[in-house]
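Report on the structure given below.
Every number here is computed from the coordinates shown, using simple stated rules; none is lab data. These numbers were taken from a predicted model, which means no experiment stands behind them. Cβ: placed from backbone, ideal geometry, glycine included. Neighbour counts: every protein chain shown.
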Amino acid sequence: MSLFEPHPLRQALNDEVHARPPVPLETPEYVTYLAFLHSNGSAGREPAHLCALAEQLGLAAPDTASGHLFLDAGSFRLKWERHNEFSSYTFFRRIAADDAADEHALLSVPAAWRKDIPGQLIAATHIELRGVREVPPDTVMMQVSPRGKTLVAAQVADGAGWVFTDFHIHDGFSRFLLVDAGLTPRQAGRMVQRLVEIETYRVMALLAFPVAKEVGRLLSRAEDQLADLMDGLGQARSTEDDRAMLGRLTRLAAEVERSVARTTFRFGAAAAYYRLVQQRIDELRELRLAGFPTVREFMERRLAPAINTCATIARRQEDLSGRIARNSQLLRTRVDIELERQNQELLAQMNRRAKIQLHLQETVEGLSVVAITYYASQLVNYMAKGGKAYIAPATPEIVTAVSIPVIAVLVGLGLRRMRKALAAEDGGGH
């Protein structure tokens, strides 16, 4: 292999496929999962916070550059992962024989450190992994739900496990009971990871739902305004009316485009998270239990309508943006046509004025010929009077009379030649 030049990313890309594997779990086990949204630079504070935990536990400073790590503190284990919008902390603790009811994996984690985890809590889940002999599934199903909520139950991993939950938050945490009926440690770890991902991704997907309701109100108002503008389009009687409508339509377009720019990522992320939820549910390989909804049925009934609403609002927003753009183009074309008509009228007026000016100029040129001929003939007359002794028998009056048509012809020819020269110079300049 030393003969080949490796791509600089070859090893990193290969390692990425094997990154973040599920933690193998031995039944029984407590698992607590926390997901924190990144806010106000919280992602940048996480490495120092994790190093502080390692120092407090007497462990070596962890390397957080890869975006994930695993710490084994003896009394508990921690798996940390940084994602695009959030970071997750999964705590594992073996269940001891003397553990009381309602215990969880956080009891061994330093309370002060837990309190200072950066970010905003978006998902929190307790998972209890128990053996089928310790917690018989029939006993759990007979209880329905200890809090009177609808119990979601299904066999998973083709019957190797049982999952029970009600997807409600109790004391700040949602809760899952995973009953091991033949799961291997790696299967149990993968099953726990799928459950916490389903819980996290469904909440992340629902972040778009309040945005969709807000955008829906804006779209209803914008659609009413667009309808009013289009009704007024047929009533416009002047260019000023068209320009005023175009201004209102432009402001409406800017408002809708701001909404599109602000919400495109959120709606797209919701669709992506929902696809991940569906994929993780497929990986559960559920078997339905009579009388109980499965995780898939619960999501299709509760989550799917919200995601469909978000998708509908996103399409409606894009459609409104396109309609406004088309109507703006139509109105702008109408304004441009009116401006072109006005420009044509203006050019026609300028053409008429140019013709009038040309006629006036020709008239002035004719008068100029007469005036120049008159003054030139006077000069000839003066010259003839001064030299009448030399022009006899002709008199100064006869000489002046004879010079008048000659002078007029010469002046006319000169002005004509000058006009042609100016016209040729003006044509060459263009």
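Details
- Helices in the chain, meaning DSSP H runs of at least 4 residues, each add -39500 (n - 2.57). Divided by all residues, the mean residue ellipticity at 222 nm is -21500 deg cm²/dmol.
- Charge-dipole axis of the range 257-300 as Lys and Arg at +1 and Asp and Glu at -1 on Cβ define it, positive-most pick from Ala270, Phe292, Val260: Val260
- Cβ-placed point charges (K, R +1; D, E -1), dipole of the range 291-341 about Cα centre in debye, nearest 20: 120
- Gained length - Val402 relative to Arg326, 0.36 nm times residue gap less alpha-carbon distance: 19.5 nm
- With Cα atoms as the point set, the range 50-112 shows a radius of gyration and Dmax of 13.0, 40 Å.
- Amide N of the range 201-217 lying under 20 Å from the label point, which is placed 7 angstrom from the Cα of Ile122 along Cα→Cβ: 201-215
- Against the chain, whose longest principal axis comes from its Cα atoms, helix 239-284 is set at around 20 degrees.
- Dipole moment magnitude, nearest 20 debye, the chain about Cα centre, only Lys, Arg, Asp, Glu C-beta charged: 1800
- Ordering of 193-200, 317-324 by packing [mean C-beta count within 10 Å, highest first]: 193-200, 317-324
- Candidate values (i) 1.00; (ii) 0.95; (iii) 1.51, label of the one derived for Rg/Rh (Cα atoms, Kirkwood Rh): (iii)
- Sites Thr395 and Ala354, calculated FRET efficiency, Cβ-Cβ separation with R0 45 Å, nearest 0.05: 0.40
- Interatomic Cα distance distribution for the range 360-429, bins of 10 angstrom, percent: 20, 36, 24, 14, 6, 1
- Between Val370 and Phe292, the modelled label-to-label distance comes to 11.9 nm, taking each label 7 Å out from Cα in the direction of the beta carbon.
- Linear extension gain, Leu422 paired with Asn343, 0.36 nm per residue minus alpha-carbon span: 25.6 nm
- Amide N proximity, the range 81-113 versus Leu207 label position 7 Å along Cα-to-Cβ, cut-off under 20 Å: 81-90
- Across the range 22-197, counting alpha-carbon atoms alone, Rg and Dmax equal 16.6, 48 Å.
- Model label zone, Gln143; criterion: amide N under 14 Å from point 7 Å along Cα-to-beta-carbon; scope the range 164-182: 164-166, 175-179
- Working ranking of peptides 399-407, 152-160 by packing, defined as the average number of other Cβ atoms within 10 Å per residue, highest first, is 152-160, 399-407.
- Dipole in debye (nearest 20) - the range 360-429, about Cα centre, beta carbon charges: Lys, Arg +1; Asp, Glu -1: 220
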